[in-house]
1. Being farther than 24 Å from residue B:21 by Cβ and away from chain A (no Cβ under 14 Å) is the filter here; which residues of segment B:79-117 pass it?
2. Could you grab me the full set of residues in segment A:80-89 that are out of contact with any helix residue (DSSP H, G or I) (no Cβ under 6 Å at 6 or more places or on another chain) and within 15 Å of residue A:50 (Cα to Cα)?
3. Search segment B:126-137 for residues being at pLDDT 95 or above and within 23 Å of residue B:71 (Cα to Cα), and hand back the single one that is surrounded by the fewest Cβ atoms within 10 Å (Cβ to Cβ).
4. Quick one: residue B:20 ticks every box in (1) in contact (Cβ under 8 Å) with a residue 24 or more places away in the chain; (2) buried (at least 16 other Cβ atoms within 10 Å of the Cβ) except a single one, so which number is it?
5. Any idea which of (1) touching a strand residue (DSSP E or B) at 6+ places or on another chain (Cβ under 9 Å); (2) farther than 30 Å from residue B:143 by Cα is the one residue A:53 doesn't satisfy?
6. Assess whether residue A:96 counts as being more than 10 Å from chain B (Cβ to nearest Cβ), part of a strand (DSSP E or B) and surrounded by 15 or more Cβ atoms within 10 Å (Cβ to Cβ).
7. Only one residue in B:157, B:143 is assigned to a loop (DSSP other than H, G, I, E, B), touching a strand residue (DSSP E or B) at 6+ places or on another chain (Cβ under 8 Å) and in contact (Cβ under 8 Å) with a residue 60 or more places away in the chain, so which one is that?
8. For segment A:109-125, enumerate the residues that are in contact with a helix residue (DSSP H, G or I) (Cβ under 8 Å, 6 or more places away or on another chain), over 14 Å from residue A:51 (Cα atoms) and either away from chain B (no Cβ under 12 Å) or crowded, with 16+ Cβ neighbours inside 10 Å (or both).
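The values are calculated or read from the model by the stated rules, or taken from the named source; none is laboratory data. The structure displayed is predicted, hence computed values, not measured ones. We place every Cβ from the backbone using ideal geometry, glycine too, and count neighbours over all the protein chains shown.
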């Protein structure tokens, strides 16, 4: 389980981030110029915490994320690559998406193709 | 002797905006255009596709614009029948043009879905680099075909053409 108290989300305008023992929930939109500098670093910290805590699965709920730019999609691609490293501890990355949101419906299957054995896409209500 | 026929009707722009290439304007312009498409065409699907097209075309235009008074961006949306066109005119750094031409040509040589998956694979293999997903997103998520026009004075116009429904 993650320890939410040790994973303070960055303060990024337009996106709300909450951390639970199971993972991260995002809502709002991400259209900043360089989201890797704030959100990307935070995702990396969560990833490292998941490895350290030997999680079997980490849940990233993006259902409330109504719009993102391509730099933000890149962050999810990076995360899929982190969990597909051939050696060392790993966990399953579960993205919970809303298939009625175009960017989520179209982009997550392509992300899953990058790391099919380690990424699961779940359709949420 | 041939009779002169009337010229084909030319679509009038539904939206014509000019503004300086500043990142912070993109959100506001995109949301206005989303609202406009939703309200005018009564289709949420088009509004969502328009959001992707406008976000990615404007981001590219802002990223690669030269500075100065001539660098103003122009966004035009026009429709005729079932066809809708989004175009952005900008004054890019000339060094960026060959890359843009190559990118468009590569994307056009594949189906929208193939180009999209290829862009994701490339991004995955180039950690730390720019995403370069934008044009592929416009074609696949935005369901719009892209074209590039080079205009006098070094300006370029990227046009994304799709259908209303």
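1. Across segment B:79-117, the qualifying residues are B:79, B:80, B:81, B:82, B:83, B:105, B:106, B:108, B:109.
2. A:83, A:84, A:85, A:88
3. My answer is B:134.
4. Of (1) in contact (Cβ under 8 Å) with a residue 24 or more places away in the chain; (2) buried (at least 16 other Cβ atoms within 10 Å of the Cβ), only one is false for residue B:20: (2).
5. Condition not satisfied by residue A:53: (1).
6. yes
7. B:143
8. The answer is A:110, A:111, A:112, A:114, A:115, A:119, A:120, A:121.
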